[in-house]
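Data block below; observations after.
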Amino acid sequence: MNFEGFIYPNEAEIYWSVLIAVYPYITGLVAGAFIVASLLRVFNVAKLRPVYRLSLLTALAFLLTAPLPLVAHLGHPERAFEIMFTPHSSSAMAGFGFIYAWYLLVVLLLEIYYDYRKDIVSWASRVSQSVIKGFIYRILTLGDRDVSEEAVESDEKVVYWITVIGLPSAAFLHGYVGFIFGSVKANPWWSSPLTPIIFLFSAMVSGIALVMMIYVFGSKLRGKKPDAACVDTLASYLLYSYILDLSLEFVELTHIFYAAEEGTELIARLIVDKLFLTFVGIQMVAGALIPILLIVLTKLFKPKMQTAIFTLASILTLIGVFAMRWNVVIGGQILSKTLRGFSSYSMPVFGAESLTLALGILALPFVILYILSWLLPPWEAES
């Protein structure tokens, strides 16, 4: 390992590895995907109807894998539940377990159940489907097969209010991650009251981009043409949220350098010397400015390949947001606590804290989403 300047001996090893960067990335995708669903259910953005159910299933698939980076990072993963069994009121990390359980059980699962309930009852009575599906659907009815007009109307009301409750819940789910970093006063790269808000807006950005990418590729795999108006609307919201996100990041950096507090010079060196590729090259240029330009120019000139260009912008956005998580988690740790030097981080390809494991965890939600889509087709609303 390479070191510069003066560092303490306990800084020779970076303890929060790539897995800790993956964790806020996944929770951000969950919150962002749920916000996409709320645009239809709460704000009546009708053009997003083709991706409403897909957004819910995407949020569920990624939420189910959200704790895995943390559990894999633990030296004793069997102790993971101790943080919930013996919580402390001052621990923001202990709060995650309760926020996670609330969001999974009360928000996502209930909304998906009530939104699909009428269809599940219909599917449970079909003779033509497989035995396995029929058995699962009969269980999922929970004994309630009332699909009268009054019952369906009641379901719609329940889904609406769950979505309303789910919006602040989504903000808590991901905003608290930014709160953990922003409350570390001893680290000038992390300590900022804007950090939770930036995390939340970047979650919106990544969630919209993820839903757009999955919708386009999912439509192609099914031999269907993506709804152009839906993709265009997603691109518009991606653009708006990205402008807000970048504005907040610009304000934060401006405040850091204008205040010129202790550690400011080291932060400048951190950006230029240590994080130039990941911060300037990937996060800001390839992952932010280029997607914004692609969306703006496409909306202005309306080329024939609009959907393809918007999809490319969404992929670059996902890469850029992950780079942001990397720069926060890893960048903040390579800063010396003495503010007089740097440590270094080298990510192994294989092993417990490796690139391979991180990629495996990131790939798992897509497998879960495939299974969920097989059981609860999100495209049903289109037919």
Under a 5 Å amide H to amide H cut-off, with H placed in plane at 1.01 Å, what residues pair with Gly341 once short-range neighbours are removed?
Phe6, Ser336
So which GluC sites (Glu not before Pro) in the stretch 249-330 pass both tests, a DSSP loop state and at most 12 other Cβ atoms within 10 Å of the Cβ?
Glu261, Glu262
For the chain, take the longest principal axis of its alpha carbons; what is the angle in degrees between that and the long axis of helix 149-182, to the nearest 10 within 0 to 90?
10 degrees
Quick one: net charge around Asp155, please, counting Lys, Arg +1 and Asp, Glu -1 for every other residue with C-beta under 9 Å from its C-beta.
0
Residue-ordered couplings for the stretch 288-303, obtained by feeding phi - 60° into the Karplus form 6.51 cos²θ - 1.76 cosθ + 1.60 and rounding to whole Hz (Gly and Pro as x), are 9, 5, 5, x, 4, 5, 4, 5, 4, 5, 5, 5, 6, 9, 6, x
Could you run the Karplus curve 6.51 cos²θ - 1.76 cosθ + 1.60 with θ = phi - 60° over the stretch 204-209 and give me ³J(HN,Hα) per residue in whole Hz, x for Gly and Pro?
4, 4, 5, x, 4, 4
If each of Ile290 and Ala260 carries a label point 7 Å out from its Cα toward its Cβ, how far apart are those two points in nm?
3.6 nm
Given charges at Cβ of Lys, Arg, Asp, Glu: the stretch 4-375 dipole, positive-most of Phe98, Pro67, Ala268:
Pro67
Starting from the Cα-Cα distance between Glu82 and Ser354, subtract it from 0.36 nm times their residue separation and give me the gain in nm to one decimal.
95.4 nm
Between Phe366 and Lys133, what is 0.36 nm times their sequence separation minus the Cα-Cα distance? Round to one decimal in nm.
81.8 nm
Net charge (Lys, Arg +1; Asp, Glu -1) of residues whose beta-carbon lies under 14 Å from that of Val296, Val296 excluded, is +1
Would you mind estimating how fast the stretch 4-375 diffuses translationally, via Stokes-Einstein at 25 °C and 0.890 mPa s with the Kirkwood radius over Cα pairs, in µm²/s?
111 µm²/s
What percent does the relative contact order of the chain come to when contacts are Cα pairs within less than 8 Å and at least six residues apart?
31 percent
In the chain, lysine pairs closer than 30 Å at Cα, eight or more apart or cross-chain
29
Ranking request for peptides 203-213, 298-308, 362-372: highest mean number of other beta-carbon atoms within 10 Å first, then the rest in descending order.
203-213, 362-372, 298-308
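No value in this document is a laboratory result; all are computed from the given coordinates. Quick caveat: nothing in here was measured; it's all calculated off a predicted structure. Virtual Cβ from ideal backbone geometry, glycine too; neighbours counted across all protein chains shown.
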